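Visitor: Can you read through this structure? Questions will come right after.
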Amino acid sequence: MKLFLKEHALLITVQLVQFFMILAIYWLDGYRHLLPALYGIFLGLFFLTAYLAYHYFSRRKFYKRLTEELATLDDSFQTTENSPISQALDHLLKDQYRHYQTRIKELESRQEEHLKFMDQWVHQMKTPLSVIELIAQNLDEPDSSSIREETDRMKTGLNTILYMARLRTIEKDFHIKPVHLSKIIHEVNGENKRFYIRNGVYPNLLQEKQDMIVETDEKWLFFMLSQLINNAVKYSRGKSNRIDIAIFEKNGEAVLEVKDFGAGIPEADKRRVFEPFYTGENGRKFRESTGMGLYLTKEAADHLGHRIELESKLGEGSLFRLIFGKTQNLTAL
């Protein structure tokens, strides 16, 4: 109704001004009979009201469609009325929908090509890095360790780029299956063995329950745990020589914790640590921070249906808690 009145506000104003102009002309010409003049105004207003009422009720669906939001894009194919302007609106919405779908398919195709390129490029870069590591093994210390340290950093950066590209199509990329938490922890620790030694920080595994199994994607869990451990070691360097990795069951849910005893996170940064490219106060102190690790971890956890929690106190360390499914998703072998 509001849209209808706004559209016809000028017509109503012009009609009212016209009525009073006619009365004014008759009045100036000496016609002084008030009742016929009022009757004429009444008839004019009656026909104007009747026209507006007919126009509104005959196109009520049209105005309702203009004012209500579309619940889905498929609503664009709904037909309104048989009036020319309603049919024109239906035709316009259908054309917009077709153009939108065409554009979306083009963007999806480009995104898929970009993802394939990034995947291929990362794997191509890993090959020369592996060759460099083999060459470094034949060098004397400390040159050998320095080169392998830099290649490890490059591998970590390449993996971050790869998973950031895959995050856009994570629904097509992950595969849910039973995963042994202790097994994946040992694999991540083995992958980061030189990283632990180089920083003088070592993992301490705490298991409340042996052989705990969760339903998740093994590849993405490996990446998430690697990011949490990487941060824990990086912010513990020079402050503590250990991090705790714990797996246990709480309130019927499997929990994986990574706890460090390092710098901790300032209170002002806690609510933003999962935002992309946000490094915070610690990121300015530890120059290696990119601000993407925790963001990717949080996004992957959300897509997989897991929860991630943070507890931290400045100067005392941080604890990241990854919470999986309910008890029915757990199996002890």
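Visitor: Can you tell me the FRET efficiency between Val17 and His91 if r is taken as the Cβ-Cβ distance and R0 is 41 Å, rounded to the nearest 0.05?
Guide: Details: r = 37 Å, r/R0 = 0.89.
Taking R0 as 41 Å, the efficiency between Val17 and His91 is 0.65.
Visitor: What net charge is computed for the residues neighbouring Leu256, neighbours being all others with C-beta under 13 Å from the C-beta of Leu256, Lys and Arg scored +1, Asp and Glu -1? Display every interim value, and only then the final one.
Guide: Values: positive: Lys183, Lys209, Lys250, Lys259, Arg307, Arg321; negative: Glu208, Asp244, Glu249, Glu253, Glu257, Glu309.
It works out to a net charge of 0.
Visitor: Right, next: Taking the mean number of other Cβ atoms within 10 Å as a proxy for protection, how do you rank 231-241, 248-258, 21-31, 203-213 from highest to lowest? Each step should come with its number before you reach the end.
Guide: Working: 231-241: 19.4, 248-258: 17.2, 21-31: 11.1, 203-213: 14.1.
Highest-to-lowest ranking by the protection proxy: 231-241, 248-258, 203-213, 21-31.
Visitor: Which ³J(HN,Hα) values, rounded to whole Hz and listed in residue order, are derived for the stretch 254-265 from phi using the Karplus coefficients 6.51, -1.76 and 1.60 in 6.51 cos²θ - 1.76 cosθ + 1.60 with θ = phi - 60°, glycine and proline given as x?
Guide: In residue order, the calculated couplings are 7, 10, 10, 10, 10, 10, 10, 10, x, 5, x, 10 Hz.
Visitor: Defining a contact as two alpha carbons under 8 Å apart and six or more residues distant in sequence, what relative contact order in percent does the chain show? All intermediate terms of the calculation are to be shown ahead of the outcome.
Guide: Details: 379 pairs, mean separation 40.6, N = 333.
Normalised by residue count, the contact order of the chain is 12 percent.
Visitor: In degrees, nearest 10, range 0 to 90: what is the angle between the Cα axis of helix 293-304 and the longest Cα principal axis of the chain?
Guide: With rounding to tens, the tilt is 70 degrees.
Visitor: Under a 1.4 Å probe, what is the accessible area of the chain per residue, stated in Å²? Please report the intermediate quantities before stating the final value.
Guide: Numbers: 20570 Å² over 333 residues.
I get 62 Å² per residue for the chain.
Visitor: Something else about it: So, R0 is 30 Å and r is the distance between the beta-carbons of Arg153 and Arg98; what FRET efficiency does that work out to, to 0.05? Each step should come with its number before you reach the end.
Guide: Working: r = 48 Å, r/R0 = 1.60.
Step by step, r from the Cβ atoms, then E = 0.05.
Visitor: List the residues, sorted by chain then number, that are 5 or more residues from Gly262 or on another chain and whose placed amide H is less than 5 Å from its amide H.
Guide: Gly317, Ser318
Visitor: Moving to a separate point now. Starting from the 7 Å offset along Cα-to-Cβ, what nm value, one decimal, do you get for the label separation of Leu34 and Glu311?
Guide: For Leu34 paired with Glu311, the spin-label model returns 8.5 nm.
Visitor: Pop the C-beta distance of Glu208 and Thr67 into the FRET formula with R0 = 51 Å and round what comes out to the nearest 0.05. Walk me through the intermediate numbers first.
Guide: On the way: r = 58 Å, r/R0 = 1.14.
That gives a FRET efficiency of 0.30.
Visitor: Ignoring ligands, DNA and RNA, what percent of the 1.4 Å accessible area of the chain is carbon and sulfur?
Guide: Details: 11710 of 20570 Å².
Here carbon and sulfur together make up 57 percent of the probe-accessible area.
Visitor: If the chain between Arg237 and His303 were fully stretched, how many nm would it gain, using 0.36 nm times the residue separation less the Cα-Cα distance?
Guide: Values: separation 66, 0.36 × 66 = 23.76 nm, distance 3.16 nm.
So the extension gain works out to 20.6 nm.
Visitor: Can I ask one more? With a point put 7 Å past each Cα toward its Cβ, work out how far Lys177 is from Tyr56 in nm, to one decimal.
Guide: Here the modelled spin labels are 6.5 nm apart.
Visitor: Spelling out what I want: for every residue of the stretch 139-147, take phi, set θ = phi - 60°, compute 6.51 cos²θ - 1.76 cosθ + 1.60 (Karplus), and round to whole Hz; glycine and proline get x.
Guide: 8, 7, 6, x, 4, 4, 5, 5, 5
Visitor: When DSSP assigns beta bridges and you keep just the ones with both residues in the chain, what percent turn out antiparallel, to the nearest 5? Please list the in-between numbers first.
Guide: Working: 25 of 31 bridges.
Antiparallel: roughly 80 percent of the beta bridges in the chain.
Visitor: Starting from 0.36 nm per residue, how many nanometres of slack lie between Asn138 and Asp119 once their C-alpha separation is accounted for? If you can, show how the numbers build up before the last one.
Guide: Details: separation 19, 0.36 × 19 = 6.84 nm, distance 3.02 nm.
Gain in length upon complete extension: 3.8 nm.
Visitor: Using label points projected 7 Å from each Cα along Cα→Cβ, tell me how many nm separate Glu249 and Glu267, to one decimal.
Guide: 3.8
Visitor: Quick one, which of [x] 18; [y] 45; [z] 31 is the actual percent of Cα pairs over 39 Å apart calculated for this model?
Guide: So the structure-derived entry is [y].
The values are calculated or read from the model by the stated rules, or taken from the named source; none is laboratory data. Bear in mind that the values here come from a model prediction, so they are computed numbers and not experimental data. As a convention, Cβ positions derive from the backbone with ideal geometry for all residues, glycine included, and neighbour counts pool all protein chains shown. Areas reflect the complete protein model, heavy atoms only, side chains present, ligands, DNA and RNA absent. Shrake-Rupley method; radii C 1.70, N 1.55, O 1.52, S 1.80 Å.
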